[in-house]
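Undergrad: Provided herewith is a single structure, encoded as structure tokens, for subsequent inquiry.
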Number of protein chains: 2
Amino acid sequence: MGVNDRSRCPVACTLDLLGDKWTLLVVRDLLLGKTTYTEFQNSPEGVPTNILAERLKRLQAAGVVAREKYQERPVRYAYQLTDKGRDLAPVLSAMVDWGNRYVEGTIPREAIEAMMKQGR
Amino acid sequence: MGVNDRSRCPVACTLDLLGDKWTLLVVRDLLLGKTTYTEFQNSPEGVPTNILAERLKRLQAAGVVAREKYQERPVRYAYQLTDKGRDLAPVLSAMVDWGNRYVEGTIPREAIEAMMKQGR
DNA sequence: CTAGTAACTTGTAATTTACAAGTAACAATA
DNA sequence: TATTGTTACTTGTAAATTACAAGTTACTAG
């Protein structure tokens, strides 16, 4: 993965992969411990299914997410973050802080961290 | 600004405002000390002019950016971040780190910080 | 009086998104 | 054996958004 054609700015390059309404929500779900297509679909925001499929492919292509078959007959897949994907945690963390400070009624960080521990 | 209709997740709420390819680049430019419409347009990514106008309005409406007339005859405007806008710095900072680590050829943080000091 | 600049607005084609429905492969139940 | 259910998607299409080019307004400078 090298720079793209927009610019060599690290922010612009990051946004080329993650700059939309849905991609970082998938990463969020993965950080929360969700692993299957259906779990992502069941998140409260309700990502359209074709968008979810496309984003999972893009994230795999970018090396942020890995898909593994965890069961044959019937075949089932689990998605998980790679190191590259887990290193997006600080971006999400900063968004949680900003959202908690400036958007009234958002779920506080502590409740989110509790959900993560639950997942493990 | 309260929660929206997608969910009460602070990440989702933040993405409702900032989750696209261009908005955070405007915030980046403001953090770098740029203030005018023309300066934003001249950034290397080349934001379409109608998109730029729309994003500046949204950011103003959200209280992230303030516009002030710094000159009459001819009338000229300067945009600047509010406290709420400046508090997005950690989000951008995390993106810089991630981009620098995982996207080859991106401008290093140190060079960006040097640009900020230049601006002041 | 002509050219230039800043800050936008407008029109339209191309692209992307949202929503609904459909599909393939299998499991479980009647 | 037939029907229903589940997972992980794909496909079709209308609606919304974006990209690109051109135009507009209000001035200044020469």
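The values are calculated or read from the model by the stated rules, or taken from the named source; none is laboratory data. Remember, predicted model here, so these are calculated numbers, not experimental data. Don't worry about glycine lacking a Cβ; one is built from the backbone with ideal geometry, like all the others, and counts go over all protein chains shown. Quick note on the areas: whole protein, heavy atoms, side chains included, nothing else; ligands and nucleic acids left out. Shrake-Rupley method; radii C 1.70, N 1.55, O 1.52, S 1.80 Å.
Undergrad: State all residues of the range B:1-11 that are open to solvent by less than 10 Å² (accessible area, probe 1.4 Å) and under 19 Å from A:ASN42 (Cβ atoms); if no residue qualifies, say none.
TA: Listed by number, the list holds a single entry, B:VAL11.
Undergrad: Residues being touching a Ser or Thr at 6+ places or on another chain (Cβ under 9 Å) and either in a helix (DSSP H, G or I) or open to solvent by 50 Å² or more (accessible area, probe 1.4 Å) (or both): count how many of those fall in the range B:78-120.
TA: So the count comes out to 12.
Undergrad: Report, by residue number, each residue of the range B:1-15 that is at the interface with chain A (Cβ under 7 Å from one of its Cβ atoms) and either of a type in the set (Asp, Glu) or within 15 Å of A:LEU18 (Cβ to Cβ) (or both).
TA: Listed by number, the residues that qualify are B:VAL11, B:ALA12, B:THR14, B:LEU15.
Undergrad: Which residues, taken from the range B:52-68, are over 12 Å from B:LEU81 (Cα atoms), near DNA strand C (Cβ under 10 Å from one of its atoms) and either in contact with a helix residue (DSSP H, G or I) (Cβ under 9 Å, 6 or more places away or on another chain) or touching a residue at least 60 places away in the same chain (Cβ under 8 Å) (or both)?
TA: Residues satisfying the conditions are B:LEU52, B:ALA53.
Undergrad: Let me ask something additional. Going through A:GLY19, A:GLY99 one at a time, which residue ends up being within 27 Å of B:VAL47 (Cα to Cα), at the interface with chain B (Cβ under 7 Å from one of its Cβ atoms) and within 12 Å of DNA strand C (Cβ to nearest atom)?
TA: Sole residue among the options that is within 27 Å of B:VAL47 (Cα to Cα), at the interface with chain B (Cβ under 7 Å from one of its Cβ atoms) and within 12 Å of DNA strand C (Cβ to nearest atom): A:GLY19.
Undergrad: Which residue, of A:THR35, A:THR23, A:THR49, A:THR14, is hydroxyl-bearing (Ser, Thr, Tyr) and open to solvent by 60 Å² or more (accessible area, probe 1.4 Å)?
TA: A:THR49
Undergrad: Right, next: Do we find a residue being touching an Asp or Glu at 6+ places or on another chain (Cβ under 8 Å) and surrounded by 15 or more Cβ atoms within 10 Å (Cβ to Cβ) anywhere in the range B:60-77?
TA: Among the residues of the range B:60-77, not one is touching an Asp or Glu at 6+ places or on another chain (Cβ under 8 Å) and surrounded by 15 or more Cβ atoms within 10 Å (Cβ to Cβ), which makes the answer no.
Per-residue answers, yes or no, for (1) in a helix (DSSP H, G or I); (2) near DNA strand D (Cβ under 9 Å from one of its atoms); (3) within 24 Å of B:ARG28 (Cα to Cα):
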| residue | (1), (2), (3) |
| --- | --- |
| A:SER7 | no, no, yes |
| A:LEU15 | yes, no, yes |
| A:THR38 | yes, yes, no |
| A:LEU56 | yes, yes, no |
| A:ARG73 | no, no, no |
